[in-house]
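Rule-based calculations on the coordinates, nothing more; no lab input. Computed from a predicted structure; not experimentally measured. Neighbour counts run over all protein chains shown; Cβ positions are idealised from the backbone, glycine included.
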Amino acid sequence: MIEVRDLRFAYGGGFALHVPALSVGAGERVAVVGPSGSGKTTLLNLVSGIAVADAGDVVLDGVAVGALSDRDRRRLRAARVGFVFQEFALVDYLPAEENVLYPYRVGTGLRLDRAARDRARALLADFGLGAKTQRRPHQLSQGERQRVAIARALVTRPKAILADEATGNLDPANKEAALDLLFAQAADTGAALLCVTHDHELLPRFDRVVDFAALAVAA
Ligand code: ADP
Ligand code: MG
């Protein structure tokens with residue numbers, strides 16, 4: 001589902017990344033661990049199409065991301081990738097339900113229909129937030145905000161789910177709960193799951209743990 005081939009990327013004048021190969025199959029759950037500043041977020045941004053590689057490619061669900069126009073890449077990302085950001089990245093003036101539906105609101109060609117809205121509500125209800133769908137992010141606890149961010153990543157039923165230290169700000173019970181939600185959804189839809197994490201106690205739950213230092217070679 002996710003194929004990285006000889007990927008190279010450099011920020012102007014600074015950090016450079018070279019990842020020879022990484023693949024995550026449908027339904028597979030892979031954790032990536034590594035020190036801060038090693039390039040994990042950069043890799044997730046490249047895999048999701050938020051950033052574009054200088055060389056090599058990312059193939060998502062059979063589509064080579066690097067060959068797409070900016071617009072098509074945005075559409076592919078909206079339709080097939082769910083991304084849970086480390087800092088949640090919720091929109092503070094929108095209620096929880098509208099935050100979950102955000103992928104439908106950003107000109108990505110996805111249709112915000114009845115089914116999508118029903119799915120958003122069902123996810124929030126599953127996540128214990130059925131009574132809080134109209135609350136804004138600042139009216140929710142940290143763990144609740146994270147669940148909204150996870151629901152937003154799942155609402156399109158993406159083929160690939162990427163999570164960037166998504167459990168880092170949560171207490172142990174909420175960490176486990178967040179992972180349960182991600183895993184249940186991935187199992188349900190057969191999505192590939194790629195999670196950057198610092199939570200070593202969560203690693204046994206993954207099918208595979210990849211050390212970033214072994215993944216990325218000197219650029
Ligand atoms: P990690 O997620 O593993 O902590 P990052 O991918 O965020 O690492 O960053 C890798 C390196 O790239 C760091 O040295 C960081 O300072 C640098 N970096 C991150 N974002 C940018 C950017 N937008 N411009 C220039 N350098 C950046
Ligand atoms: Mg990071």
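Quick look at the values:
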quantity: Among L17, L46, A31 the positive-end extreme of the charge dipole of the stretch 1-60 (Cβ point charges); calculated: A31
quantity: Dipole axis of the stretch 60-219 (+1 Lys, Arg; -1 Asp, Glu on Cβ), positive-most option in A218, C195, L76; calculated: L76
quantity: The chain, relative contact order in percent, only Cα pairs under 8 angstrom and at least six apart counted; calculated: 32 percent
quantity: Proximal charge balance of L124 [Cβ under 15 Å; K/R count +1, D/E count -1]; calculated: +4
quantity: Fewest-first sequence of T156, T189 by Cβ atoms within 10 Å of each Cβ; calculated: T189, T156
quantity: Rounded FRET efficiency, nearest 0.05, which uses the C-beta distance separating A64 from L203 and R0 of 22 Å; calculated: 0.10
quantity: Net dipole in debye of the chain [+1 Lys, Arg Cβ; -1 Asp, Glu Cβ; about Cα centre; nearest 20]; calculated: 780 debye
quantity: Distance (nanometres) between label positions extended 7 Å along Cα→Cβ at A16 and F183; calculated: 4.0 nm
quantity: Inter-part distance where the stretch 98-136 and the stretch 24-76 are each reduced to a Cα centre, Å; calculated: 25 Å
quantity: Where labels lie 7 Å past Cα in the beta-carbon direction, separation of R114 and I50 in nm; calculated: 3.5 nm
quantity: In range of the label at R71: residues from the stretch 100-127 whose backbone nitrogen is under 19 Å from the point 7 Å along Cα→Cβ; calculated: 104-112
quantity: Per principal axis, descending, Cα span of the chain in whole Å; calculated: 50, 39, 33
